[in-house]
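The values are calculated or read from the model by the stated rules, or taken from the named source; none is laboratory data. This one's a predicted model, so the numbers in the text were calculated from it and none came from an experiment. Neighbour counts run over all protein chains shown; Cβ positions are idealised from the backbone, glycine included.
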């Protein structure tokens, strides 16, 4: 397994693979890998000849009062996990390698970045799209794998790939959960045992919404109402948003008709968690 | 010579060249080709195995009151000129092919896009960077050639290539001039005989500035003053800007020390013309 900390090193590895006609899968991560990331690596390994994993806590996608400094990091563990999975390259640049002094060009996030998480995290998707485009240019993958826990991120990236005519396919992968139902997230490390228990209200709320849909309910108001009620019952939880949007432009859905993303963001103490499901009718 | 009107056709041509290990040079144009464009094609042909020319009047780089509709077009002549130069591919999409309904992702222009032409043309460089990035992704050139008459455009593109880690080199090429000194531009077609004569004040003004620099003058105020005075003497001309900026971040220069771009924009009747020179000390 190659470990590249500079753009030039990473490009050299990738160029050599490409010259041999190998198909490359990329799994972009912020490190502190969990089973969710590992499922993306497995999928990439199954579909590609070589897998590259980027480990980069991207400063431009964090707001000034967010958890950039505090975000958990454990490169030793990450590199062991990657080696065990047969990853060919870890790209782990420092921020100054990705954003040298004077860096000034960004990807402007499309309109579908403004709702949901974009409302409380202005600039977040601009940072995500910019860093992912840079990673795509550096690592030139044929396929790139993203977890659907960050559903809005996936839809924004898919739009970028289409709009900018990028030569790769972005692959959405299902959210991996603990047996309790809690969606895996590196930020779960922030939770105390009590908070982790409280965090199950996200799963409970989404399950309730899915049950209503299965029973034939189609009114957004009723489905989101059930979610809000469930979150409200948990004293440690505070709802940031619960929304239903169609999966094209991510515009609000009053009545469930076409494919719909039901997404929530909930603060458990100081920790902001997100989760969602996609209803396909 | 292949002529591709769709992204898929263009990608197929380029993919076949790449699979043979051929080096590709791109000359992005808005068509209505003149000797300036042809000099870029010659340079590309000298340095690369295959040359692609894009002919696309890009709507997103025109403001609402600018000359998008009126911009001169002559594809029959352009394709003859390209064929005579041994061009391998013309990519000539319709606007809807480049910007299908729902297109929403743009490149945010860096700070160096805000001065000079950016001041009177807000959104212009956002449109330029977005379309050029799309052309880079569609045509995957190793080299891309741009005329230095549009100096700010070149510096913004160079910044984008660096900041987004694009896998190509942008090559600045000298402005081509009529024997009178007038810089070639497709927009010269808008000028009446009288206006074309008046337009020589741009060359006169820049020549005067260069003479002062050769004589040892280094004060921006004096050099720009001479330019303004020359333009003011031409009754048909109205100066939009005359500026001196260093060529890194395009920030104003009071005293000429490092490499400096002296750029002007002048309206001759209804026609907006630009010209410049780079002083290297």
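If only residues of the stretch A:231-240 that are touching a residue at least 24 places away in the same chain (Cβ under 8 Å) and not in a strand (DSSP E or B) are counted, the one that is farthest from the other protein chains (Cβ to nearest Cβ) is A:235.
The rows are residues; the columns are (1) surrounded by fewer than 19 Cβ atoms within 10 Å (Cβ to Cβ); (2) at pLDDT 95 or above; (3) assigned to a helix (DSSP H, G or I).
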| position | (1), (2), (3) |
| --- | --- |
| B:144 | no, yes, no |
| B:152 | no, yes, yes |
| B:172 | yes, yes, no |
| B:203 | yes, yes, yes |
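Just one of the listed residues (B:103, B:124) is facing chain A (nearest Cβ under 10 Å), touching a helix residue (DSSP H, G or I) at 6+ places or on another chain (Cβ under 6 Å) and closer than 30 Å to residue B:13 by Cβ, and it is B:103.
Determine whether residue B:108 is within 22 Å of residue A:112 (Cβ to Cβ), within 20 Å of the chain's Cα centre (by Cα) and surrounded by fewer than 21 Cβ atoms within 10 Å (Cβ to Cβ). Explain how you work it out, then say what you get.
Details: within 22 Å of residue A:112 (Cβ to Cβ): yes; within 20 Å of the chain's Cα centre (by Cα): yes; surrounded by fewer than 21 Cβ atoms within 10 Å (Cβ to Cβ): yes.
For residue B:108, the condition - within 22 Å of residue A:112 (Cβ to Cβ), within 20 Å of the chain's Cα centre (by Cα) and surrounded by fewer than 21 Cβ atoms within 10 Å (Cβ to Cβ) - is met.
For residue A:249, the criteria (1) at pLDDT below 95; (2) touching a strand residue (DSSP E or B) at 6+ places or on another chain (Cβ under 9 Å) hold in every case but one, which is (2). Among the residues of the stretch A:79-90, are any in contact (Cβ under 8 Å) with a residue 40 or more places away in the chain, out of contact with any strand residue (DSSP E or B) (no Cβ under 9 Å at 6 or more places or on another chain) and within 18 Å of residue A:132 (Cβ to Cβ)? No, the conditions are met nowhere in the stretch A:79-90. The one condition from (1) outside the structural domain of residue B:53 (by TED's automatic domain parsing); (2) in contact with a helix residue (DSSP H, G or I) (Cβ under 6 Å, 6 or more places away or on another chain) that residue B:160 does not meet is (1). Among residues of the stretch B:78-100 being away from every other protein chain (no Cβ under 11 Å), under 25 Å from residue B:44 (Cβ atoms) and over 21 Å from the mean Cα position of the chain (by Cα), the one that is surrounded by the most Cβ atoms within 10 Å (Cβ to Cβ) is B:88.
Could we say that residue A:261 is within 14 Å of chain B (Cβ to nearest Cβ), buried (at least 21 other Cβ atoms within 10 Å of the Cβ) and outside any helix (DSSP H, G or I) here? Full working, then the answer.
Numbers: within 14 Å of chain B (Cβ to nearest Cβ): no; buried (at least 21 other Cβ atoms within 10 Å of the Cβ): yes; outside any helix (DSSP H, G or I): yes.
The answer is no for residue A:261.
Could you tell me whether residue A:132 is buried (at least 21 other Cβ atoms within 10 Å of the Cβ) and in a helix (DSSP H, G or I)? Even if it seems obvious, please write down each step before you answer.
On the way: buried (at least 21 other Cβ atoms within 10 Å of the Cβ): yes; in a helix (DSSP H, G or I): yes.
Yes.
With respect to the conditions (1) under 22 Å from residue A:91 (Cα atoms); (2) more than 12 Å from the chain's Cα centre (by Cα); (3) within 14 Å of chain B (Cβ to nearest Cβ), residue A:163 lacks only one, and its number is (1). Restricting attention to the stretch B:106-119 and to residues that are in contact with a helix residue (DSSP H, G or I) (Cβ under 6 Å, 6 or more places away or on another chain) and in a loop (DSSP other than H, G, I, E, B), the residue that is farthest from the other protein chains (Cβ to nearest Cβ) turns out to be B:116. For the residues A:75, A:68, the requirement of being surrounded by 13 or more Cβ atoms within 10 Å (Cβ to Cβ), closer than 27 Å to residue A:155 by Cα and more than 14 Å from every other protein chain (Cβ to nearest Cβ) singles out A:68.
Is it true that some residue in the stretch A:141-150 is within 14 Å of another protein chain (Cβ to nearest Cβ) and touching a strand residue (DSSP E or B) at 6+ places or on another chain (Cβ under 9 Å)? The answer is yes; a qualifying residue exists. Of the set (1) out of contact with any strand residue (DSSP E or B) (no Cβ under 8 Å at 6 or more places or on another chain); (2) free of Cβ contacts under 8 Å to residues at least 12 places away in the same chain; (3) more than 21 Å from residue A:94 (Cα to Cα), all apply to residue A:122 but (2). Within the stretch A:241-257, being surrounded by 17 or more Cβ atoms within 10 Å (Cβ to Cβ) and not in a strand (DSSP E or B) holds for A:247, A:250, A:253, A:256. Looking at B:207, B:167, B:197, just one residue is surrounded by fewer than 21 Cβ atoms within 10 Å (Cβ to Cβ), out of contact with any strand residue (DSSP E or B) (no Cβ under 6 Å at 6 or more places or on another chain) and within 30 Å of residue B:10 (Cα to Cα), and that residue is B:167.
Of all residues in the stretch B:241-262, count the ones that are touching a residue at least 60 places away in the same chain (Cβ under 8 Å) and touching a helix residue (DSSP H, G or I) at 6+ places or on another chain (Cβ under 6 Å). The total comes to 3.
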